[in-house]
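One structure below.
The values are calculated or read from the model by the stated rules, or taken from the named source; none is laboratory data. Here the structure is a predicted model, which means the values were calculated and not measured. Using ideal geometry, Cβ is built from the backbone for each residue, glycine included, and neighbour counts are taken over all protein chains shown.
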Amino acid sequence: MKDTDEAVRPGPLSIRTDCVDGIRVVTVHGEIDHTSRDTLHRALTPAPDGGRPRTVIDLGGVSFMDSSGVNVLIAAHQSATGADGWLRLADPQESVLRLVRLVGLDTVIPCHPTLQQALRG
């Protein structure tokens, strides 16, 4: 019998940041919980002189998120809107989308089924 736990278990949180048409795209893979919240928070913090922050968070690679992740997303949203910018969520997996809807996060932060839709707004 082959042990496949390592093959299906997501690795530590990884974050990549790109820019598409002047919009910052933060692509997240792994699990967002209390052990990774600070890493995500740092990735979502806009540069102090970055102007009007416009950010899409691609959640397609996130297999799990708890209330720690929700709190980070709310703080990032508040920071962006306070600087006359915005934050959008893209491509959440079903388990993450369930949490987003359960806590009403999708009524505060726009949540789109694809990255392209989130970029278009």
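If I go through segment 18-60 residue by residue, how many of them are assigned to a loop (DSSP other than H, G, I, E, B) and under 25 Å from Glu94 (Cβ atoms)?
Result for segment 18-60: 4.
I'm trying to understand the selection: among the residues of segment 78-114, which are under 14 Å from Val62 (Cα atoms) and in a helix (DSSP H, G or I)?
Selection gives Glu94, Ser95, Val96, Leu97, Arg98, Leu99, Val100.
Looking only at segment 99-121, count every residue that is loosely packed, with under 14 Cβ neighbours inside 10 Å and within 26 Å of Asp49 (Cβ to Cβ) and tell me the total.
Total meeting the criteria: 1.
Residue-by-condition table, conditions (1) among the aliphatic types (A, V, I, L, M); (2) touching a residue at least 24 places away in the same chain (Cβ under 8 Å); (3) surrounded by 13 or more Cβ atoms within 10 Å (Cβ to Cβ); (4) farther than 15 Å from Ile109 by Cβ:
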{"residue": "Ile57", "(1), (2), (3), (4)": "yes, yes, yes, no"}
{"residue": "Gly60", "(1), (2), (3), (4)": "no, yes, yes, yes"}
{"residue": "Pro92", "(1), (2), (3), (4)": "no, yes, yes, no"}
{"residue": "Leu97", "(1), (2), (3), (4)": "yes, no, yes, no"}
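Cβ-Cβ under 7 Å, sequence separation 6+ or interchain: first residue in segment 23-39 and of a type in the set (S, T, N, Q), partner crowded, with 17+ Cβ neighbours inside 10 Å and assigned to a loop (DSSP other than H, G, I, E, B). Which pairs?
Ser36/Leu13; Thr39/Leu13
For segment 52-79, what are the residues that are modelled with pLDDT of 95 or more, under 23 Å from Asp21 (Cβ atoms) and not hydroxyl-bearing (Ser, Thr, Tyr)?
The answer is Arg54, Val56, Ile57, Asp58, Leu59, Gly60, Gly61, Leu73, Ala76, His77.
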